[in-house]
Amino acid sequence: MDDLLEKLKIAFAESYSVEKELLGGGMSRLFLATDLALSRTVVIKILPPELTSDMMAARFKRESEVTARLQHPHILPIITAGLRDGLLYYVMPFISGESLRERLKRDHQLPISDATNILCEVASALAYAHKQGVIHRDIKPENILLQDGHAVLADFGIAAALAGPGHITGERLTRTGMSIGTVGYMAPEQSLGGPDVDSRADIYSLGVVAYEMFAGTPPFVGTSTQAVLAAHLTQPPPRLDDIRDDVPIPVSRAIVKALQKEPADRFQSASEFATACGLAAPRMSTLTRAVSVRKLKRIPKKKIAIGLAFLAFAAATTWYAKYRIPPGPLETVTLVIAPFDAPTSDLKIWREGMVDLLARNMDGAGVLRTVSPTLAIRRWGGGASERDGAVALAKRTGARYAVYGNLITSREDSVRLRFGLVDAKTDEVLIEPELLDPSVEKLAGELSVHVFRALGKRHRIAATSATSIGSDSALAVKAFLQGEQHYRRTSWDSASLAYGRAIRIDSGFAIALRKAGRVNAWQKSETDSLTQAFALRAGAQNRGLPPRDSLLIAADSVTSALQTGDLNLPDVRLSRRLFTIVNEAAARYPN
C-alpha cells in the first residue's frame with residue numbers, strides 16, 4: 001500500500017498532492033488528493049494493473065472522454081482520466097457524505113421519502129445519460145453517493161469502458177478481474193453476457209436498488225452466485241407489500257415493472273420510471289392512504305376526478321370574485337426583473353430564481369404588472385453594467401421599470417443583496433439599497449416592499465403587500481425554481497423530477513402542481529389522465545396566489561373539469577366560466 005502511495009505522489013506531483021488511501025474502492029484503489037491548480041479535494045481511482053494493455057488503455061480513454069462530457073447534478077463527473085506510469089486512473093470530485101450501501105447497512109430500510117427521492121434523482125441521472133448514449137452497467141448501492149440529502153451516481157461509464165468478453169467469478173462479472181456488473185443487481189440479459197445489453201438493463205438494476213431501499217434486502221438472495229443468477233433469470237421478486245405495507249402503491253407497481261425479466265416489459269426509459277415513482281406517488285398519497293395493495297379500499301378514479309373538479313370549479317369562482325377587473329379605463333405599469341448576478345455556485349439557482357420569485361411577488365399589486373419570467377430570461381442580453389442591461393431588457397419587453405441586482409455570500413453566513421430599480425424611460429435610478437439576510441426568500445420579500453414603496457410614490461400601489469408563491473417550505477420553493485429553469489429549456493424529464501420533489505415536500509403547492517401537469521401535457525397529451533389530475537389538484541388549491549398564476553391555474557382546472565365530464569354541473573356553465581377567465585386574462589395581460 002505504501003509503495004503505491006509513494007509511487008502516486010511522485011507520478012502526480014505536478015498536478016495533485018496525493019495524501020492517503022481511502023477504503024471502499026472494491027477491485028480498484030482510491031486515493032484522496034488535492035488539485036494543486038484549483039485547491040479542491042479530489043479522489044484518484046487507480047484501476048487494477050492487469051487492465052493496462054495498450055488496447056484496453058485506448059478503449060478506456062475513449063469511453064472516459066464520452067463520460068466526462070456528462071453534465072448533470074446527480075452524476076459524479078470525471079475530471080480527467082488516462083494512463084500514467086503503467087496505471088489506468090481517473091480523477092473525480094470528493095464527496096464528503098456516504099454511499100447508499102453505508103446508509104443501508106446502518107438503517108436497513110430507508111424512510112419512504114428518502115428512498116423515493118434517491119430513486120427519482122438516480123433515475124433522472126440515468127435518463128440524461130441514456131439520451132447521450134451512455135449506459136452505466138453497474139448500478140448498485142456502492143455507486144450511489146449521498147450528500148446533503150441528494151444522490152449522486154458515481155463510476156458512470158467505467159464499466160462500459162471495460163466491458164468485453166468476460167466470465168463470472170464470485171459476486172461480480174469480471175474481465176480479468178475488473179467488475180463490469182454486480183450479480184445481485186444485474187439484469188437477466190446482462191448476466192448472460194449477450195451483445196444487446198442496452199439502457200433497460202440500467203432500469204432493471206435501479207429497480208433492484210429501489211426494492212432494497214424499501215425492503216431492506218435485495219429481491220433475490222441465495223447461498224451462491226449461481227443461485228442468485230438463477231433467481232434473477234427465472235423467479236418473480238417477493239411482493240414488496242408483503243415485506244413493508246407503507247410503500248406507496250404507484251412506487252411498488254413501478255418497481256415490479258422495472259424488474260420484469262424481458263426488457264420489452266420494463267419501462268422503456270428511465271424518465272418513465274422516474275415519473276411513475278416521483279409524480280404518481282404524491283398524487284396517490286394525497287387522495288388515498290398509503291396502505292397495502294391487499295388492504296386498499298379503492299376509490300374509483302371517476303369519483304376522485306369529479307370531486308377534484310368540483311373543488312377546482314369552486315376555486316375558479318373564488319378567483320373570479322377576487323381578481324375580476326372592474327369596467328372602465330385602467331392604468332397599468334409594467335415592471336421587468338432582470339436575471340441577478342450570482343457568481344458563487346451555492347447561489348447559482350437564484351440567478352433566474354429571483355426573476356421567478358419577484359415577478360410573482362409583485363405582479364398584480366395595484367396597477368403593477370410584471371413581465372413573465374420566461375420572456376424576461378429569453379430576451380436578456382446583458383449590458384456594460386447591471387443597470388444598462390436592465391434598461392435594455394425593459395425596452396425589449398416594453399416595460400417602464402426594471403429591477404436588477406446581485407447576490408453574494410457574506411462572512412456572517414448570510415446573503416447580501418444589492419439591487420436597483422430603474423425607470424427605463426428616463427434612465428433614472430429610483431432606489432439602490434443593500435439588504436442582508438440568511439434567507440434568499442426573505443430578501444425577495446423585502447426587495448418587493450422596497451419596490452412597492454418607491455413606485456407607490458408615482459402610481460397606485462400604496463398599501464399593497466407582496467403575494468405568496470404558494471408554499472411556506474423553502475425546500476419546496478427551491479425545487480420548484482429548479483423545475484422552472486429546466487422547463488424554460490424544455491428539459492422535460494428534469495423539470496418533471498424537480499416539480500415532483502416540490503410536490504412531495506408540499507402536496508398543496510398549487511403552482512408546482514400546475515407546472516407538473518404542463519410537463520406531462522408536453523410529454524404525453526392535454527387529455528392524459530395525469531395531466532388532468534394535476535390541473536384539478538392545482539385548481540383545488542388555488543388560493544392566495546399571484547394573479548397570473550392564479551388565472552392560469554383557474555383556466556387549466558376548469559378545462560380539465562370540462563374534459564372529465566359527468567359532473568352535476570352543466571357544461572355550458574363551465575364553458576362560460578372558462579370564457580370569462582380567458583377574457584380576464586386578455587384584459588389583465590394584453591401582451
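Each reported figure results from applying straightforward, stated rules to the coordinates on display, with no laboratory input. No experiment lies behind these values; they were computed from the predicted model shown. Cβ sites come from the backbone with ideal geometry, for glycine too, and all protein chains shown count toward neighbours.
Worth pointing out:
- Gyration tensor over the Cα atoms of region 504-557: the corresponding equivalent ellipsoid has semi-axes (square roots of 5 times the eigenvalues, largest first) of 18, 12, 9 Å.
- Computed extension length for Glu526-Ser39: 170.3 nm, one decimal, from 0.36 nm per residue of separation with the Cα-Cα distance subtracted.
- In a fully extended conformation the segment linking His108 and Gln226 would gain 40.0 nm over its present Cα-Cα distance, using 0.36 nm per residue.
- In order through region 442-454: 3J(HN,Hα) via Karplus (6.51 cos²θ - 1.76 cosθ + 1.60), integer Hz, x for Gly, Pro: 5, 4, 4, x, 5, 4, 4, 4, 4, 5, 4, 5, 5
- Distance (nanometres) between label positions extended 7 Å along Cα→Cβ at Ile79 and Lys20: 1.9 nm
- Sequence-distant residues sharing a close amide H with Gly383 (under 5 Å, placed H): Gly389
- Extent along principal axes [Cα atoms of region 435-560; Å; largest to smallest]: 48, 31, 25
- Spatial separation of Cα centroids for region 495-521 and region 114-149, in angstrom: 20 Å
- Region 381-397 versus region 346-377: alpha-carbon centroid distance in Å: 15 Å
- Computed from label points 7 Å out along Cα-Cβ, the spacing between Lys9 and Gln563 is 6.6 nm.
- For region 478-536: rounded, prolate or oblate by the Cα gyration tensor [a/c cutoff 1.5]: oblate
- Loop GluC sites (Glu not before Pro), region 376-441 (other Cβ atoms within 10 Å of the site Cβ: 12 or fewer; DSSP): Glu412
- In terms of its alpha-carbon gyration tensor, region 332-459 comes out prolate; a/c meets the 1.5 threshold, and the first ratio a/b outweighs b/c.
- Theoretical FRET efficiency, 1/(1+(r/R0)^6), r = Cβ-Cβ of His459 and Asp198, R0 60 Å, to 0.05: 0.50
- Once backbone amide H atoms are built at 1.01 Å from N, Ile431 has Leu421 as its partners under 5 Å, excluding neighbours fewer than 5 places away on the same chain.
- Modelled spin-label separation between Lys442 and Arg244, with each label point placed 7 Å from Cα along the Cα-to-Cβ direction: 3.6 nm.
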